[in-house]
Amino acid sequence: MAETTATTLKLDVGVKQRLKRLAEAHERSPHWLMKRAIEEYVDREEKREQLRKDILEASAHYYETGLHLAAEEADAWLEKLENGEDVDPPECHV
């Protein structure tokens, strides 16, 4: 099990009441719901940050090399994959 640490979180009274109602409805503790919400938020934001970095890296690579695929080429390749064909991606070009 992962090491844990305690932290304090101040919530508006209304939010705390809503959280309590949800916890009761889901037969969970408010603590469980808050922990789960924070974990999901952190996971989502880490993925967004990685996507942002990947986009910046891809943009920089494109501006340096000019290599690209047209949308039609990418769509045709993805359609083949969706149809179960085992095909390599098309070659990038200038």
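Looking across the range 75-94, the residues that are of a type outside the set (D, E, K, R) and closer than 20 Å to Thr65 by Cβ come down to Trp77, Pro89, Pro90, Cys92, His93, Val94.
Which one is nearest to Pro89 (Cα to Cα) among residues in the range 52-72 that are surrounded by 11 or more Cβ atoms within 10 Å (Cβ to Cβ) and either basic (Lys, Arg) or under 26 Å from the mean Cα position of the chain (by Cα) (or both)? Write out each step before concluding.
Going residue by residue through the range 52-72, those that are surrounded by 11 or more Cβ atoms within 10 Å (Cβ to Cβ) are 58, 61-62, 67-69.
The next check asks that each one be either basic (Lys, Arg) or under 26 Å from the mean Cα position of the chain (by Cα) (or both); those that pass are 58, 61-62, 68-69.
Working: Ala58: 16, His61: 18, Tyr62: 17, His68: 12, Leu69: 10 Å.
Applying the filter and picking the extreme gives Leu69.
All of the numbers you see were taken from the coordinates with simple rules; none came from a lab. Fair warning: this is a prediction, and the values are worked out from it, not measured in the lab. Note that we place each Cβ from the backbone using ideal geometry, even for glycine, and neighbour counts take in every protein chain shown.
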